[in-house]
């Protein structure tokens, strides 16, 4: 027996509207989470590039000044930034499986 048997048109419309609203709300939440994770990853990438530029600058100035300890400190920061970057995971949403091909447009 079908669970929707005996349902009036008004009830069917309300149920369909509610289910559609829930579906698109869930899709928006997935997209929001993906966007936030992408932004976090971007910030970590910027941090890594900033530290790598500092290290490169110190290597260029190595002949002028002796900054061994500063260089080791920045190398450690770079390793730390790379590990933080690896920890940030951006979820990949397969919109084709969800039946939302239009999201790729």
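Checking 5, 44 one by one, the residue that is within 16 Å of the chain's Cα centre (by Cα) and either surrounded by fewer than 10 Cβ atoms within 10 Å (Cβ to Cβ) or at pLDDT 90 or above (or both) is 44 and no other.
Kindly evaluate residue 53 against the criterion of being modelled with pLDDT of 90 or more and surrounded by 13 or more Cβ atoms within 10 Å (Cβ to Cβ). It is false that residue 53 is modelled with pLDDT of 90 or more and surrounded by 13 or more Cβ atoms within 10 Å (Cβ to Cβ). Among the residues of the range 13-34, those that are surrounded by 11 or more Cβ atoms within 10 Å (Cβ to Cβ) and within 17 Å of the chain's Cα centre (by Cα) comprise 26, 27, 30, 31, 33, 34.
Tally up the residues in the range 60-71 that are surrounded by 11 or more Cβ atoms within 10 Å (Cβ to Cβ) and not in a loop (DSSP other than H, G, I, E, B), please. The qualifying residues number 2.
Across the range 92-103, the qualifying residues are those that are at pLDDT 75 or above and loosely packed, with under 10 Cβ neighbours inside 10 Å, and the one among them that is nearest to residue 40 (Cα to Cα) is 92.
The values are calculated or read from the model by the stated rules, or taken from the named source; none is laboratory data. Everything numeric in this text was worked out from a predicted model, so none of it was measured. Every residue, glycine as well, gets a Cβ built from its backbone with ideal geometry; the counts of neighbours run over all protein chains shown.
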